[in-house]
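Chemist: Questions regarding the structure given below will be posed in turn.
The values are calculated or read from the model by the stated rules, or taken from the named source; none is laboratory data. Given the structure is predicted, the values throughout are model-derived calculations rather than measurements. Using ideal geometry, Cβ is built from the backbone for each residue, glycine included, and neighbour counts are taken over all protein chains shown. Ligands, DNA and RNA are excluded from the accessible area calculation, which covers all protein heavy atoms including side chains. Shrake-Rupley method; radii C 1.70, N 1.55, O 1.52, S 1.80 Å.
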Amino acid sequence: MTVESTAARTPRRSAGSKAGSTGTKAAGTRSRARAKKGADPELVQLLTPEGKRVKNAEYDKYVAGITAEELRGLYRDMVLTRRFDAEATSLQRQGELGLWASLLGQEAAQIGSGRALRDDDYVFPTYREHGVAWCRGVDPTNLLGMFRGVNNGGWDPNSNNFHLYTIVIGSQTLHATGYAMGIAKDGADSAVVAYFGDGASSQGDVAESFTFSAVYNAPVVFFCQNNQWAISEPTEKQTRVPLYQRARGFGFPGVRVDGNDVLACLAVTKWALERARDGEGPTLVEAYTYRMGAHTTSDDPTRYRSDEERLAWEAKDPILRLRRYLESENHADEGFFTELEAESEALGKRVREAVRAMPDPDDFAIFENVYADGHALVDEERAQFAAYQASFATESDSGFAAGEGV
């Protein structure tokens, strides 16, 4: 499996296909309008999609000293994160995981921001920050237990200053704000980053977080990955202005960065973290990116967005962009890419074997610990589920075990 090829692994359906008829045509029309509307957003960019370095007077200094080795490290981070993500998606399709939320296309936003962090900074993620988890030293196999249903997280948040994944949309921004207020009172100069998506920006918890962080000057960076779709709802259903401008109404700065540009994400996040540590309060960073795959493995994005839109964003692929830059500047040779491909395949194999070695989830664990002393309704539901499970015919019941009916 090559690195760049995984960007296009989502099943395709043409906008004019019979299966899509009315709904797909409407989605295609909206997608074309959105693509035209957002063709040249106001954003910070240091690497063009063609891999050309562009100057930026305000943010160049934050990556001025980056070495060729560090650039190769960023590329390696993105490649291995994508490979792990692809393996997890495949494992879900094979029935090994109950669900998976892919980060395909968002590698630069996560790796760039993740590598801007210091060890003493604290991260509050959603359920898609696999690249940030990688940067914080969380073993990829530890992310999968929850999606298999065998644990509630799989790692100690305080070991890596990386909180457990948050499934409830937007609530982690409140947790991050409270934590940031606490470390400020302790006199620490560390900072906090809260990750969330464009859809979560419509949640009341996020607005409350903005209010508290601004009023109490909390050292927190709100990192919004605007991947254009809140499941099937486009960004224009979330806001009438660019998301980063919302910060202005709460009294702190916001900036939009090219979320497919790992250098720009690194630089802008470093700037925002520097502000936080210097006592200048919160910042909203909107990483303008794209979810190339499905929202989760239970989603079919061909029902609400067009191939035209997806292909336009695939041309801005964050991994291919950095590879072009590395090659044009002679920062990496073919041997580097070959070795990395072998390393990524080894990672996929390790993840696959680790997941298959995990125990099967307990079918009835969901009924435990709902009420401290039990509850009649839960008991009834447990009994109904047990009867449902027992209703499935066993192999011997079907008659095929003894060769009958062949």
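Chemist: Scan (1) more than 19 Å from L266 (Cα to Cα); (2) free of Cβ contacts under 8 Å to residues at least 60 places away in the same chain; (3) open to solvent by 10 Å² or more (accessible area, probe 1.4 Å) for the single condition R136 breaks and write down its number.
Modeler: Of everything listed in (1) more than 19 Å from L266 (Cα to Cα); (2) free of Cβ contacts under 8 Å to residues at least 60 places away in the same chain; (3) open to solvent by 10 Å² or more (accessible area, probe 1.4 Å), R136 misses just condition (1).
Chemist: A further question follows. Hey, among the residues in the range 190-208 that are part of a helix (DSSP H, G or I) and charged (D, E, K, R), which one's most open to solvent (accessible area, probe 1.4 Å)?
Modeler: Kept after step one, since they are part of a helix (DSSP H, G or I), are these residues of the range 190-208: 200-202, 204-208.
Subset that is charged (D, E, K, R): 205, 208.
Values: D205: 47, E208: 92 Å².
Only one residue tops the list, namely E208.
Chemist: Quick check on the range 45-64. Is at least one of its residues small (G, A, S), farther than 30 Å from A354 by Cα, assigned to a helix (DSSP H, G or I) and open to solvent by 10 Å² or more (accessible area, probe 1.4 Å)?
Modeler: Within the range 45-64 (the criterion being small (G, A, S), farther than 30 Å from A354 by Cα, assigned to a helix (DSSP H, G or I) and open to solvent by 10 Å² or more (accessible area, probe 1.4 Å)), the answer is no, since none of the residues qualifies.
Chemist: Among what's in the range 266-304 and is within 13 Å of the chain's Cα centre (by Cα) and polar (S, T, N, Q), pick the residue that is most open to solvent (accessible area, probe 1.4 Å).
Modeler: T296
Chemist: Counting only residues that are assigned to a helix (DSSP H, G or I) and hydroxyl-bearing (S, T, Y), which one in the range 166-189 is farthest from the chain's Cα centre (by Cα)?
Modeler: First, the residues of the range 166-189 that are assigned to a helix (DSSP H, G or I): 171-186.
Among the residues that remain, those that are also hydroxyl-bearing (S, T, Y) are: 171, 173, 177, 179.
Working: S171: 16, T173: 15, T177: 20, Y179: 22 Å.
Applying the filter and picking the extreme gives Y179.
Yes/no per residue for (1) closer than 17 Å to L143 by Cβ; (2) in contact with a Ser or Thr (Cβ under 9 Å, 6 or more places away or on another chain); (3) modelled with pLDDT of 95 or more:
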| position | (1), (2), (3) |
| --- | --- |
| N330 | no, no, yes |
| F337 | no, no, yes |
| E345 | no, no, yes |
| A354 | yes, yes, yes |
| P359 | yes, no, no |
| D362 | no, no, no |
| I366 | no, no, no |
| N369 | no, no, no |
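Chemist: Which helices (runs of 4 or more DSSP H) sit wholly inside the range 281-375 and have at least 2 residues that are without any contact (Cβ under 8 Å) to a residue 60 or more places away in the chain and either of a type in the set (D, E) or out of contact with any Cys (no Cβ under 9 Å at 6 or more places or on another chain) (or both)?
Modeler: Ranges flagged: 334-356.
Chemist: While we're on this one: Among the residues of the range 141-160, is any buried (at least 16 other Cβ atoms within 10 Å of the Cβ), of a type outside the set (D, E, K, R), modelled with pLDDT of 95 or more and not in a helix (DSSP H, G or I)?
Modeler: no
Chemist: Something else: Which one of these does A214 not meet: (1) in a helix (DSSP H, G or I); (2) in contact (Cβ under 8 Å) with a residue 40 or more places away in the chain; (3) touching a Ser or Thr at 6+ places or on another chain (Cβ under 7 Å)?
Modeler: Result: A214 passes all but (3).
Chemist: Can you report the number of residues in the range 153-165 which are under 22 Å from M358 (Cα atoms) and either over 17 Å from the mean Cα position of the chain (by Cα) or not aromatic (F, W, Y) (or both)? Walk me through it before giving the result.
Modeler: In the first step, residues of the range 153-165 are kept if they are under 22 Å from M358 (Cα atoms); the result is 153-157, 164-165.
The next check asks that each one be either over 17 Å from the mean Cα position of the chain (by Cα) or not aromatic (F, W, Y) (or both); those that pass are 153-157, 164.
Total meeting the criteria: 6.
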